[in-house]
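The values are calculated or read from the model by the stated rules, or taken from the named source; none is laboratory data. Since this is a predicted model, take the numbers as computed values, not measurements. For neighbour counting, all protein chains shown are included, and Cβ atoms are generated from backbone atoms with ideal geometry for every residue, glycine included. We work out accessible area using only protein heavy atoms, side chains counted, and drop any ligands, DNA or RNA first. Shrake-Rupley method; radii C 1.70, N 1.55, O 1.52, S 1.80 Å.
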Amino acid sequence: MMQTATAPLPVPRSPLPAPLLAVTDLAVSYGAIRALHGISLTVNRGEIVTLIGGNGAGKTTTLRAISGLVKPAAGAIVYDGKSIAKQPPHEIVKLGLSHCPEGRGVFPQMSVAENLELGAYLRSDDAAIATDREKALDLFPRLRERLQQMAGTLSGGEQQMLAIARALLARPKLLLLDEPSLGLAPQIVQTIFRIIRDINEQGTTILLVEQNAHMALKVAHRAYVLEVGRIVMQGDAKELASSDEVRKAYLGAH
Amino acid sequence: MKTLAQHTKDVPASRAFRPAVVFLPWVACVAVAFAVQLVAPALFDDYWVNVLRRVGVFVIAAVSLNIVNGITGQFSMGHAGFMAIGSYIGASTTYTGSLLLHGSVGDDSFAVQGTMLMLGGLVAGACAAAGAGYLVGLPSLRLRGDYLAIVTLGFGEIIRVLLELTSKQVDTADGARANPFAAFFSFNGPTGFFGTPAYASNFWIWLFVAITCVVAYRLKRSSSGRAFLSIREDEIAARAMGIDLTKYKVRAFVLAAAFGGVAGALFSHTGVNPSPTDAGFQRSFDIIIMVVLGGLGSISGSVLAAILLVLLPEMLRGLQEYRLVLYAVLLIVMMLVRPQGLFGVKEVWDLWGAKRKARGGTP
């Protein structure tokens, strides 16, 4: 299963249920600087796939390219059978691909309830929104207690919970999570990852970007390791977690 | 503020057509307008009744600017440009229209028709300003913060220079009939456009004040308003929620410009002659101060700040020249003491329940 990028990749035989997301040779540039040098990855229905790597590896850029927040310079992104590489973000969200941005990005001067409402901005099925909202609040009971509070006054962990809950209100088939553990206390990180698993078990496919490789590899089914804009390793999350290279580089083992 | 919890509980009700909710505010608008028109002369002398018209114009200007600068968080410094467009187009509609239809201007026996021309002028001024708002809004989408401020500042200056380049005002009916199009756009260069009859009574001005406030307040709480506010709060997150930045930023610019145009058109019908300097930086700055003082995003805050900042210099006539010094000091003090403005995003009436809400929010 596991290969390094130097070894020739076998031609990927697409398993019969086509992957929910297939990214092929994706390249992204910021001006003259190339952030991604043609990466390819797939996410199958029902999976948690994680993208790990250090600072500046291109993890956030990958997610932003998928959700349309940055325009790819080259490559193809096929989501649920449709090419979305040239679509604007609001069209992509409509297709059921929801992005929970890095640094939480809650709307600080709006209440928790209003933040959640914005998560369902493109939907008009009021009854279903109400159900999804209840589901999301069941996942994060703390948010229920703080519905009328301004989002900016929440703790970091609560803001992260709100950001995830808000992304869920778009009723995503694929949820992109960018660094949900960023700047949080270890205990909160545990909670967040437990909930990520719950969300997945309820049927949402997840693409998770993390610096906390330890937690990410524990919760994910498969993983890709990104280094300066290239995928250097990929495979089963557990196998990667036990590989020497990953342990040395990302798990702090010596 | 109505929350999602309340929304979802009464989903059928909130979507249902409730005549009281739909029509009552508009009836209230007319009532306010009548009240000001009838009560003001009883309380004040002519001079202050006239000041009241100026107050109304600036309330409209401040509330409309708040849609872009406050609610959407895009710092525009060219609002006077939009106002001036409305001013000139509105004035010229009435003036040139009178020449063409009646052969003379300000014939009071045609008072009703004059008022009709003014209303036509308001619509024309609003449309022209909205068009300009669209043109400025589109390229401005790529700009943020300071850069947007500079572009919009430049826009106001461009309008000012263009107005200075216009040819001499046509003052005879024959002249106007010879070439109505040229006559309409002859704005009299740097001297300013004069001769527009003062059809804008307190009734009309305060009618539009009330309409502007109702529209802005409803807009703020509408689905578009949520989108505007989210853009102001965090653009990237707003885009990730599926909010089309282009659409909503342009929409904010167009709406603000249209109401700014109405303010301008009303102003030119109060006996004030519009001149090119009206499009300049100083006027824009006057309005920005009102919005910042009232609170970026607070409609009622803008109303109060506009009233205050028009009345204050009137009361302190002697200090008129020092107005800008006063503004600067006021701004610095505001930034130090209350950077969110008097009311922040909140409305005046939100403050009563605020304390209780804050306590209830943190159990």
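Descriptive notes on the structure:
- Ligands, DNA and RNA are left out, and with a 1.4 angstrom probe the accessible area of the range B:114-226 is 47 Å² per residue.
- Positive-end residue of B:Ser223, B:Ala306, B:Val105, charge dipole of chain B with Cβ unit charges: B:Ser223
- Close amide-amide hydrogen proximity is noted between A:Glu227 and A:Val232, each under 5 Å apart and 5 or more residues distant or on a separate chain (H modeled in the peptide plane; Pro and chain starts excluded).
- Solvent-accessible area of B:Trp204 with every protein chain in place, 1.4 Å probe, in Å² to the nearest 10: 60
- At full extension, B:Val51 and B:Thr172 could sit 40.4 nm farther apart than now, given 0.36 nm per residue minus the alpha carbon distance.
- Tilt relative to chain A, helix A:186-201 - C-alpha long axis, 0 to 90 degrees, to 10: 90
- Within the range B:43-284: Cβ-based charge dipole about Cα centre, in debye rounded to nearest 20 (Lys, Arg +1; Asp, Glu -1): 880
- Taking amide hydrogens as placed 1.01 Å from N in the peptide plane, the amide H of A:Ser111 sits under 5 Å from those of A:Ala151, each at least 5 positions away in sequence or on another chain.
- Taking the chain by itself as reference, the range B:233-281 contains these residues with an accessible-area loss of 30 Å² or more in the full protein complex (1.4 Å probe, heavy atoms): B:Glu233, B:Asp234, B:Ile236, B:Ala237, B:Arg239, B:Ala240, B:Met241, B:Gly242, B:Ile243, B:Asp244.
- Sum of -39500 (n - 2.57) over DSSP H runs of 4+, divided by residues of chain B (222 nm, nearest 500): -23500 deg cm²/dmol
- Hz values of 3J(HN,Hα) by residue in the range B:131-147 - Karplus curve (6.51, -1.76, 1.60), Gly and Pro given as x: x, 5, x, 5, 5, 6, x, 4, x, 5, 5, 7, 10, 10, x, 4, 5
- Heavy-atom surface of the range B:232-363, accessible at 1.4 Å and reported per residue (Å²): 45
- Taking chain B as a Gaussian network of alpha-carbon nodes connected by springs under 10 Å, the highest mean-square fluctuation of the residues B:Ile287, B:Ile89, B:Ile150 belongs to B:Ile150.
- A:Lys82-A:Arg144 FRET efficiency (beta carbon distance; Förster radius 35 Å; 0.05 resolution): 0.50
- Calculated accessible area for the range A:134-184 comes out at 33 Å² per residue, all protein chains present (probe 1.4 Å; ligands, DNA, RNA ignored).
- Extent of chain B along its three principal axes (Cα atoms, max minus min coordinate, largest first): 75, 47, 45 Å.
- Charge dipole (chain A, unit charges on Cβ, about Cα centre) - positive-most of A:Asn44, A:Gln190, A:Gln202: A:Asn44
- Listed residue (B:Pro339, B:Leu162, B:Val30) projecting farthest to the positive dipole end of chain B, Cβ model: B:Pro339
- Under the combined filter of DSSP loop state and at most 15 neighbouring Cβ atoms within 10 Å, the range B:65-170 retains these trypsin sites (Lys or Arg not before Pro): B:Arg142, B:Arg144, B:Lys168.
- Taking chain B as a Gaussian network of alpha-carbon nodes connected by springs under 10 Å, the highest mean-square fluctuation of the residues B:Phe82, B:Phe187, B:Phe203 belongs to B:Phe203.
- For chain B, the share of accessible area belonging to carbon and sulfur comes to 68 percent (1.4 Å probe, ligands and nucleic acids excluded).
- Between A:His37 and A:Asp126, the modelled label-to-label distance comes to 5.5 nm, taking each label 7 Å out from Cα in the direction of the beta carbon.
- Distance between the C-alpha centres of the range B:198-243 and the range B:136-179: 24 Å, rounded to the whole angstrom.
- Solvent-accessible area buried by A and B, counting both chains, probe 1.4 angstrom, square angstrom: 2800
- Basic side chains Lys and Arg get +1 at the Cβ, acidic Asp and Glu get -1 at the Cβ, and with that the dipole of the protein assembly as shown about its Cα centre reaches some 1240 debye.
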